Amino acid sequence: MGLYVSQRDQVTPTKYQRIWDVVAEIPRGRVATYGQIARLAGLGQRARLVGYALHHSPIEIELAWHRVINAHGKISFPQSSERYQRQQVKLEAEGIVFKNGRVDLDTYRWRPTTEEFPDEYFAQERGLQ
DNA sequence: CATATGACCTATG
DNA sequence: TCATAGGCCATAT
């Protein structure tokens, strides 16, 4: 992952690069939660920052933002919104099944390996595996 | 400087 | 399973 320069707001938001890098690692057909991304990016519990970073992600990196959902297994947009529909379509196109408007995290959650990420993440993730 | 606002999370009942 | 409360924190106004 290289340097990202946003053409949208004319700044280089380096503080968000770790978030974008982690999101880019989510494999096709899997999902991650905002909180999970925050921990993997070394941001502790600052899950809201992940949502902010995705909202402001530069257009020129084709980020798989749709693979990030909330801890309830739901899409974090109003269900009636077009953004909600777009995200659901993208996920279903990767084989992810929605049941009652929800994704089964036990089935579809991304579980990175210790080679990819530092041990501190897994130390905090007991109960996730 | 003071509030308000989110693509959020966890604990609790 | 669902709703609520409190916490969270960078930006926006």
Specify which of the listed residues (A:Pro78, A:Pro112) is over 17 Å from the mean Cα position of the chain (by Cα) and modelled with pLDDT under 95. A:Pro78
In segment A:61-68, is there at least one residue being under 21 Å from A:Tyr16 (Cβ atoms), loosely packed, with under 13 Cβ neighbours inside 10 Å and modelled with pLDDT under 95? yes
Of everything in segment A:47-98 that's touching a residue at least 40 places away in the same chain (Cβ under 8 Å), touching a strand residue (DSSP E or B) at 6+ places or on another chain (Cβ under 7 Å) and within 7 Å of DNA strand B (Cβ to nearest atom), which residue is farthest from A:Arg111 (Cα to Cα)? A:Ser76
Quick one: in segment A:20-45, which of the residues that are buried (at least 16 other Cβ atoms within 10 Å of the Cβ) and within 11 Å of DNA strand C (Cβ to nearest atom) is farthest from A:Phe98 (Cα to Cα)? A:Leu43
Take A:Gly73 and tell me if it is in a helix (DSSP H, G or I) and within 16 Å of DNA strand C (Cβ to nearest atom). no
Could you please find all residues in segment A:39-69 being aliphatic (A, V, I, L, M) and assigned to a helix (DSSP H, G or I)? A:Leu40, A:Ala47, A:Leu49, A:Val50, A:Ala53, A:Leu54
When every residue in segment A:46-60 that is surrounded by 14 or more Cβ atoms within 10 Å (Cβ to Cβ) and among the aliphatic types (A, V, I, L, M) is compared, the one farthest from DNA strand C (Cβ to nearest atom) is A:Leu54
Does at least one position in segment A:94-102 carry a residue that is part of a loop (DSSP other than H, G, I, E, B), surrounded by fewer than 12 Cβ atoms within 10 Å (Cβ to Cβ) and among the hydrophobic types (A, V, I, L, M, F, W, C)? yes
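The values are calculated or read from the model by the stated rules, or taken from the named source; none is laboratory data. Predicted model, so just to flag it, every value in this text is computed and none were measured. Cβ coordinates were reconstructed from backbone atoms using ideal geometry, including for glycine residues, and neighbour counts include every protein chain displayed.
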